[in-house]
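**Student:** Before I ask anything, let me first share the structure, which is written out below as structure tokens.
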Amino acid sequence: MKFLIDDVNIEKIRDIYDKFPIDGITSNPSILSRYGKQPYKVLKEIREFIGEEAELHVQVISEKAEGMIVEAYKIVQELGENTYIKIPVTREGLKAIKILSKENINITATAIYTQMQGYLAGKAGAKYAAPYVNRIDNLGADGIKTAKEIHDIYKNNNINTQVLAASFKNSQQVLELCRYGIGAATIAPEVIEGLIKNPTVDMAVKAFKDDFEKLCGEEKSMLNCK
């Protein structure tokens, strides 16, 4: 399962990249609006940091297919070929996905709440489909089940599209989909930190250090113990 950061704060991105194995960054208009900066300025800084090979997912704003297509080419021109264009799975969105995928533009179908949206996005040529796990839960359905079933639909119908699950509220949701073997997950920084945060581990590490210092002295390590 690929592992992406769902944020555009460059300081958070640098910190998480430094510690976790990360495959790329996803963004959306709401995330960009939090920081009050010109979108391309933010996104170009991210692209420069993560490099040309890492995935960067950027969403169009237009509601009509023609506008989505023009935006898609502009985004790729500004941010590089390995930029995935996020397009909502609406009637107009499916039209744009069909056209752009035939022109070898990488597409991430987004705003997915149902299995049929996922199927149609894959059939139209999207490289990724992004079901909103927690938002689906909030509507009274099962976000994890929806993501798994979209994954199975692709396998059963020989569709070369991967699930890029989004909208997580906790680490257990991420674990469920990781165990199932979906293609990718994009996760907010605070949830990423929760994947490894464990007071019991911290206590064990402290106990090891305390025991070693009893043996060799304070601030000693395997570099300077005698």
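**Student:** Restricting the search to the stretch 54-105, which residues are of a type in the set (Val, Ile, Thr) and assigned to a helix (DSSP H, G or I)?
**Tutor:** Quick first cut of the stretch 54-105, residues of a type in the set (Val, Ile, Thr) only: 58, 60-61, 69-70, 75-76, 83, 85, 87, 89-90, 97, 99, 105.
Correct list: 69, 70, 75, 76, 97, 99.
**Student:** Name the single residue, out of those in the stretch 76-92 being of a type in the set (A, V, I, L, M) and closer than 15 Å to residue 127 by Cβ, that is nearest to the chain's Cα centre (by Cα). Full working, then the answer.
**Tutor:** Initially, the stretch 76-92 is screened for residues of a type in the set (A, V, I, L, M), giving 76, 79, 85, 87, 89.
If we keep only those that are closer than 15 Å to residue 127 by Cβ as well, we get 76, 85, 87, 89.
Values: 76: 18, 85: 13, 87: 15, 89: 17 Å.
Step by step, filter the stretch 76-92, then rank; the result is 85.
**Student:** So, one more: Any residue at all in the stretch 141-152 that is surrounded by 12 or more Cβ atoms within 10 Å (Cβ to Cβ), in the same structural domain as residue 86 (by TED's automatic domain parsing), modelled with pLDDT of 95 or more and on the phi > 0 side of the Ramachandran plot? Reasoning before the result, please.
**Tutor:** To start, the set of residues in the stretch 141-152 that are surrounded by 12 or more Cβ atoms within 10 Å (Cβ to Cβ) comprises 141-152.
Retained after the next criterion (residues that are in the same structural domain as residue 86 (by TED's automatic domain parsing)): 141-152.
Narrowing the set further to residues that are modelled with pLDDT of 95 or more leaves 141-152.
Okay, now just the ones that are also on the phi > 0 side of the Ramachandran plot, so none.
No.
**Student:** If you take the residues of the stretch 1-23 that are free of Cβ contacts under 8 Å to residues at least 60 places away in the same chain and closer than 16 Å to residue 184 by Cβ, which of them is surrounded by the fewest Cβ atoms within 10 Å (Cβ to Cβ)?
**Tutor:** Step by step, filter the stretch 1-23, then rank; the result is 21.
**Student:** To continue, here is another question. In contact (Cβ under 8 Å) with a residue 40 or more places away in the chain and either assigned by TED's automatic domain parsing to the domain that holds residue 167 or crowded, with 23+ Cβ neighbours inside 10 Å (or both): does that describe residue 113? Before you say what the answer is, go through the steps one by one.
**Tutor:** Details: in contact (Cβ under 8 Å) with a residue 40 or more places away in the chain: no; either assigned by TED's automatic domain parsing to the domain that holds residue 167 or crowded, with 23+ Cβ neighbours inside 10 Å (or both): yes.
Here the answer is no, as residue 113 does not meet what is asked.
**Student:** Looking at (1) of a type in the set (Lys, Arg); (2) within 19 Å of the chain's Cα centre (by Cα); (3) within 21 Å of residue 57 (Cα to Cα), find the lone condition where residue 145 falls short.
**Tutor:** (3)
**Student:** Quick one: in the stretch 106-126, which of the residues that are part of a loop (DSSP other than H, G, I, E, B) and not aromatic (Phe, Trp, Tyr) is farthest from residue 149 (Cα to Cα)?
**Tutor:** Filtering the stretch 106-126 down to residues part of a loop (DSSP other than H, G, I, E, B) leaves 106, 113-114, 125-126.
Then keep just the ones that are not aromatic (Phe, Trp, Tyr); that gives 106, 114, 125-126.
On the way: 106: 23, 114: 10, 125: 18, 126: 17 Å.
Taking the candidates together, the pick is 106.
**Student:** Checking residue 22 against (1) assigned to a loop (DSSP other than H, G, I, E, B); (2) among the aliphatic types (A, V, I, L, M); (3) under 17 Å from residue 97 (Cβ atoms), only one condition comes out false. Which one?
**Tutor:** (3)
**Student:** Sticking with this one: If a residue counts only when it is in contact (Cβ under 8 Å) with a residue 40 or more places away in the chain and closer than 24 Å to residue 109 by Cβ, which helices (runs of 4 or more DSSP H) contained entirely in the stretch 127-226 have at least 3 such residues? Even if it seems obvious, please write down each step before you answer.
**Tutor:** Details: elements: 133-138, 143-156, 171-180, 189-194, 199-216.
Passing ranges, in order: 171-180.
**Student:** Among the residues of the stretch 96-110, is there at least one that is in contact with a Pro (Cβ under 6 Å, 6 or more places away or on another chain) and either under 23 Å from residue 155 (Cβ atoms) or surrounded by 22 or more Cβ atoms within 10 Å (Cβ to Cβ) (or both)?
**Tutor:** Within the stretch 96-110, the first condition is being in contact with a Pro (Cβ under 6 Å, 6 or more places away or on another chain), and the residues that meet it are 110.
Of the ones still in play, those that are also either under 23 Å from residue 155 (Cβ atoms) or surrounded by 22 or more Cβ atoms within 10 Å (Cβ to Cβ) (or both) are 110.
Scanning the stretch 96-110, I find at least one residue that is in contact with a Pro (Cβ under 6 Å, 6 or more places away or on another chain) and either under 23 Å from residue 155 (Cβ atoms) or surrounded by 22 or more Cβ atoms within 10 Å (Cβ to Cβ) (or both), so the answer is yes.
**Student:** Look at residue 179 and say whether it is closer than 19 Å to residue 2 by Cβ and surrounded by fewer than 22 Cβ atoms within 10 Å (Cβ to Cβ). Spell out how you get there, then give the answer.
**Tutor:** On the way: closer than 19 Å to residue 2 by Cβ: yes; surrounded by fewer than 22 Cβ atoms within 10 Å (Cβ to Cβ): yes.
The answer is yes for residue 179.
The values are calculated or read from the model by the stated rules, or taken from the named source; none is laboratory data. Note that the coordinates shown come from a computational prediction; the quantities given were computed from them, not determined experimentally. Cβ atoms come from the backbone with ideal geometry, glycine included; neighbour counts cover every protein chain shown.
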